[in-house]
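The values are calculated or read from the model by the stated rules, or taken from the named source; none is laboratory data. As the structure is a computational prediction, the values presented were derived from the model and not from experiment. Every residue, glycine among them, receives a Cβ derived from its backbone with ideal geometry; neighbour counts consider all protein chains shown. Please note that ligands, DNA and RNA were not included when accessible areas were found on the heavy atoms of the full protein model with its side chains. Shrake-Rupley method; radii C 1.70, N 1.55, O 1.52, S 1.80 Å.
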Amino acid sequence: MTSERKRILKIRDLRVSFKTANGLVHAVRGVDLDVYRGETVAIVGESGSGKSVTAKQVMGIRTRNEVVESGTAEFTYVGSDGAEHTVDLMSLSDKEMVGLKGNHIAMVFQDPLTSLDPTMTIERQLAEGIREHTDLTGSDLHARCVELLELVGITEPEARLKSYPHQLSGGMRQRVVIAIALSCDPDLLICDEPTTALDVTIQARILDLIIELQRKLGISVIFITHNLGVVAKVADYVNVMYAGKIVEAGTTEDVFFDPRHPYTWGLLSSMPSVSASREERLFTIKGNPPNLLNEIVGDAFAPRNPFALEIDFVKEPPRFEVNDHHWAATWLLDPRAPKVEMPAQLRSRIAQMRQDGGEAR
Amino acid sequence: MTTSNASPFVDEDALFRPADFMAHADTDEREYANYSYIRETVNRFLSNKGALVSLVVISLIVLVAIIAPLVSPYSYSDVNSSITNLPPRIPGLEQLGICDGTQNGVDLYAEAGIPNEYHFFGTDGLGRDVWTRVWEGTRISLVIALIAVVVGVLIGIVYGLVSGYFGGKVDIVMQRFTEVLSSIPQLVITTLLIVVLQPGLANIVIVLFITGWIDMSRIVRAQVLKCKTQEFTLAARTLGVSSRDIIFKEILPNTMPQVVVTFMFSIPNAIFLEAFLAFIGLGIPAPTASLGTMINDGYNAAMIYPYQVLAPVMVLAILMLGFNLFGDGLRDALDPERS
Amino acid sequence: MKLSSKGEGRNGPRLSPMARYILKRVVIALVTLFVIMFVLFMLLSFMPGSPFNNEDKLTPDQIAALRAHYGLDKPVIERFFLYVWNMLHGDFGVSYSIMTNMPISQMVGPRIALTLTIGLEAGILGAVVGVVLGIVAALRERSVWDTFATILAVIGVSLPSFVVALFLSYFLGFQLKLFPILYSTAQPTISTVLPVLALAMFPMASVERYTRSEMISIMNSDFMLLASSKGVSKTKLVLRHALRNTLISVITVLVPLLVSLMSGSLVMEKVFSIPGLGSLYIQAIQQNDYNVVLTISFIYSVMFILAMLLVDIAYVVIDPRIRIAGGKD
């Protein structure tokens, strides 16, 4: 967080829709996002909030019925010539993307059980990307594969390389997927819910692995998840997404210890915690996310927001800066708004978290 | 900074007060009003033109098959040796020079002594009216297929439910049985059974459903196995709901889309099998007509009197195409992930 | 059923999963064959007619001698095993009515080759064209090619083989005179063009449909997404991952195609007067020559079971999931 932070990804006004039988679904409605070198940025939100769609734009992964309505994504990387290049990922052709994918941007997917080609050995799948972007062959290539498996903590790499995916456990397969993602030393790694499909015990280990690798290799990570506990563990920056928009963004400390958007309040309150007293009932956000088929007037969260103001139903809130690295899009921060405090329960919870977090860090 | 498109005449400052939720209560409902499974399914089906056209065509054929033999002046079985092999003659069209009952310029109707009669599709080698026979045959073919498929589907559902739900040894034995049964070519089973039982309406129906239930039982079993592990079934079981209730209230409704789709695809299958049996000489005995027996009768003379075989062949082809397209549409609509 | 579980139990621990899987398939095939022979044997006693053509003219001694020859004086179980023994040795008895007292093995022998040739030609033609069309349709989804292939597939799947055969012989044979409409031993190649084409329609159409939908779902699968995220070009993705996975699963639909080929060949042999197994079958059915009907049923079953076994084994050998883990589900 010093002045020499180097921005490697700058997304501006990203709007993406899906054509469906019932009409156009506006999945992403104007997202801005910045990623700096060596930092982890989390995007948190419920399913359908557009977090995954946003991240997939960076990889150029679009379904057939997907329409990018507007937006730029400037990506800065150091090419093989040693010079720095900046490209707009949104306007690259498929061919140009092929050169970047795997090489400079890599991705870890949600379900390791279906992410690997069932008919190919681990070695062939691991070597595939390396062959594409480097000149390694033969024993050098094999040595690199072994090295990668060791890097992601797989024992007996020689034997594993000869295996087929179905012979490995889910956690092991996710390690292979991570190894594939890291195989060409990417500048940016996108993790799309990388632990959601795994057993709870394995989740923690995979998470630790990602954190460890991120620190060791100094890569930038976009981490997509619906799990706030995961966010607290991995992220430097947090973007809270709701109904296709980022509603609050800031450092992890900002968002966890000084949340300003009522949706973030709701998310934090509904997070189960060990320290919460037993009598305390788990908070839930009432209602459902809005149907993105319809035009949304005002604040999308208003119908579910117990603190909503009349203006929330009329006009969309702009961003209100809390400090130079923290903002929230809620009318509650407008000087004209009545003074609304976060729920007392959450306040005590945050105090507790501060205490625990302080000890942990 | 994003700005909204709210009207500039609204006094914004006055709106900074806690919202009156009663006034906005409809927001939620409005947003979900046009979002339901049934509606989406219907929308998907309606957007499939092939399926829609098939539905109309099938309905038309069924209607004509019911009405035409009733209002026709001829009976499907009346043999008349003086009016054999007449070409088609249709009022209205005959003025245009087609279907006017002439062959090589000779008015065969006049020669046969019936200058004022109209056989829309002509007559066959025994002087029977092909139009009446075709629709009579269509009716019989449809009835055979429908009965066979309904019975087969019911057997298949029960078999699949029992096998899938009880699992264990019951399942193993039942699965081995179907495995062996499906390893015997259907052709051989059907042929042998008909040879033993002798061709006849009831026997053909029996033969059709004896081999027709296996696919359905497999699909139902697979669905049951899938449902069994899902939370709602586990929940019901934990709450002490009886096996019967779980099967009928939880599992069966969930297998319905698949069952309906398989049912739709089984009908053209059964129609085809009936026609096939007739074609190898194991059809319903004369004088009863079915599409298969008519094709079998007409095919020998197909090069000389093509219209005699053309009529049943076209009806059969359109029916098969229609049911297949309709089934496709139904599957896509009910089960969009699988298509 | 018992056999298979016993076999597994005894050999289970020592055999590789693949060998165990193949063994299981072989055992099921043998059990099926046994069941079929039992059914045929039972039917033999139900069917009208007797092995002796002119019983009334024979003396009781002659009948007794014949009964002894056919083993009819023995207990049922023994007779059944005698029957099985004879069947497996190609001794199918004699024809009653088509060619009186001619050994059936002599009647069917030369016909099997002809039927198999036409069936194989049609099957291979259909499968190859179907796979190619399916892949093109999937890769050019919603293009003119896709529409064309889809229409062809719907027609091919929906139209019964005899309808296709009638249309082909009427237009290509009778009207345009491109090909003979009847089989002739003088020109066996050119006169089998129409039947092979007509017979290939259904396998082509269903392979096309299956290949297309399988290819599309594989193209949209997670592992294709991961492979593409490695920065592999689309051509390489298709060649390396999609084709391989698609072809493996296409093998599974080959079994139902065998069934359709079998019934289809019957129809073709009738329409085009081909002296194969099917036309003899139809003739035997119409002339109540039950021994011939049973024999050909047996031959059809054996061919079917063998083909299924081959497909199953090919599948195991090709697909690593089964090769190593054993078992399909």
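Here are the criteria: (1) open to solvent by 10 Å² or more (accessible area, probe 1.4 Å); (2) assigned to a helix (DSSP H, G or I); (3) more than 30 Å from C:L15 (Cβ to Cβ). Tell me which single one C:P275 does not satisfy.
It is condition (2) that C:P275 fails.
Being away from chain C (no Cβ under 12 Å) and out of contact with any helix residue (DSSP H, G or I) (no Cβ under 8 Å at 6 or more places or on another chain): is that true of A:V44 here?
Considered against the rule, which asks whether it is away from chain C (no Cβ under 12 Å) and out of contact with any helix residue (DSSP H, G or I) (no Cβ under 8 Å at 6 or more places or on another chain), A:V44 comes out as no.
Going through C:N245, C:N288, C:N220 one at a time, which residue ends up being open to solvent by less than 50 Å² (accessible area, probe 1.4 Å) and more than 30 Å from C:G173 (Cα to Cα)?
After ruling out the rest, the residue left standing is C:N245.
Of the residues A:P303, A:P290, only one is part of a loop (DSSP other than H, G, I, E, B) and either more than 16 Å from the chain's Cα centre (by Cα) or at pLDDT below 90 (or both); which?
Residue meeting the stated conditions: A:P290.
Checking the conditions here, which among B:I284, B:I267, B:I304 is surrounded by 15 or more Cβ atoms within 10 Å (Cβ to Cβ) and in a loop (DSSP other than H, G, I, E, B)?
B:I284
Can you tell me how many residues within the range B:199-257 are of a type outside the set (G, A, S), open to solvent by less than 50 Å² (accessible area, probe 1.4 Å) and within 25 Å of the chain's Cα centre (by Cα)?
19
One residue is enough: does the range B:270-279 have a residue meeting the conditions of a type outside the set (A, V, I, L, M), open to solvent by 10 Å² or more (accessible area, probe 1.4 Å) and either assigned to a helix (DSSP H, G or I) or more than 10 Å from chain C (Cβ to nearest Cβ) (or both)?
yes
Scan (1) farther than 30 Å from C:L33 by Cα; (2) within 14 Å of chain C (Cβ to nearest Cβ) for the single condition B:D129 breaks and write down its number.
The number of the failed condition is (2).
I need a count of the residues in the range B:152-192 that are open to solvent by 50 Å² or more (accessible area, probe 1.4 Å) and in contact with a helix residue (DSSP H, G or I) (Cβ under 6 Å, 6 or more places away or on another chain).
2
Could you pull out the residue among C:I322, C:I282 that is touching a Lys or Arg at 6+ places or on another chain (Cβ under 9 Å) and at pLDDT 85 or above?
Sole residue among the options that is touching a Lys or Arg at 6+ places or on another chain (Cβ under 9 Å) and at pLDDT 85 or above: C:I282.
Would you be able to say whether some residue in the range A:26-45 is open to solvent by 40 Å² or more (accessible area, probe 1.4 Å), within 21 Å of A:N288 (Cα to Cα) and of a type in the set (V, I, T)?
Within the range A:26-45, not a single residue is open to solvent by 40 Å² or more (accessible area, probe 1.4 Å), within 21 Å of A:N288 (Cα to Cα) and of a type in the set (V, I, T).
Which residues, taken from the range A:310-320, are outside any helix (DSSP H, G or I) and either open to solvent by 30 Å² or more (accessible area, probe 1.4 Å) or touching a strand residue (DSSP E or B) at 6+ places or on another chain (Cβ under 6 Å) (or both)?
A:V314, A:K315, A:E316, A:R319, A:F320
Show the residue pairs that are 6+ apart or on different chains and have beta-carbon atoms under 6 Å apart, the first residue being within the range C:232-248 and free of Cβ contacts under 8 Å to residues at least 24 places away in the same chain and within 7 Å of chain A (Cβ to nearest Cβ), the second being surrounded by 15 or more Cβ atoms within 10 Å (Cβ to Cβ) and not in a helix (DSSP H, G or I).
C:H241/A:D117; C:R244/A:T119
Rundown of residues vs (1) open to solvent by less than 60 Å² (accessible area, probe 1.4 Å); (2) at pLDDT 80 or above, yes/no style:
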{"residue": "C:A19", "(1), (2)": "yes, yes"}
{"residue": "C:S95", "(1), (2)": "yes, no"}
{"residue": "C:E121", "(1), (2)": "no, yes"}
{"residue": "C:V128", "(1), (2)": "no, yes"}
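C:S265 versus (1) within 9 Å of another protein chain (Cβ to nearest Cβ); (2) closer than 18 Å to C:I112 by Cβ: which is the lone unmet condition?
Failing condition for C:S265: (1).
Across the range B:1-16, which residue is modelled with the lowest pLDDT among those that are at the interface with chain A (Cβ under 7 Å from one of its Cβ atoms) and over 24 Å from A:I246 (Cα atoms)?
Going through the qualifying residues, I end up with B:V10.
Among what's in the range C:291-311 and is within 9 Å of another protein chain (Cβ to nearest Cβ) and open to solvent by 20 Å² or more (accessible area, probe 1.4 Å), pick the residue that is nearest to C:I251 (Cα to Cα).
That would be C:M308.
Do we have any residue at all in the range A:127-145 that's charged (D, E, K, R), within 14 Å of chain C (Cβ to nearest Cβ), crowded, with 17+ Cβ neighbours inside 10 Å and outside any helix (DSSP H, G or I)?
No - not one qualifying residue is present in the range A:127-145.
For B:N296, state whether it is within 13 Å of another protein chain (Cβ to nearest Cβ), open to solvent by 50 Å² or more (accessible area, probe 1.4 Å), within 22 Å of B:A202 (Cβ to Cβ) and part of a helix (DSSP H, G or I).
So B:N296 does not fit the description; no.
Within the range A:337-344, can one find any residue that is facing another protein chain (nearest Cβ under 9 Å) and modelled with pLDDT of 90 or more?
No, the conditions are met nowhere in the range A:337-344.
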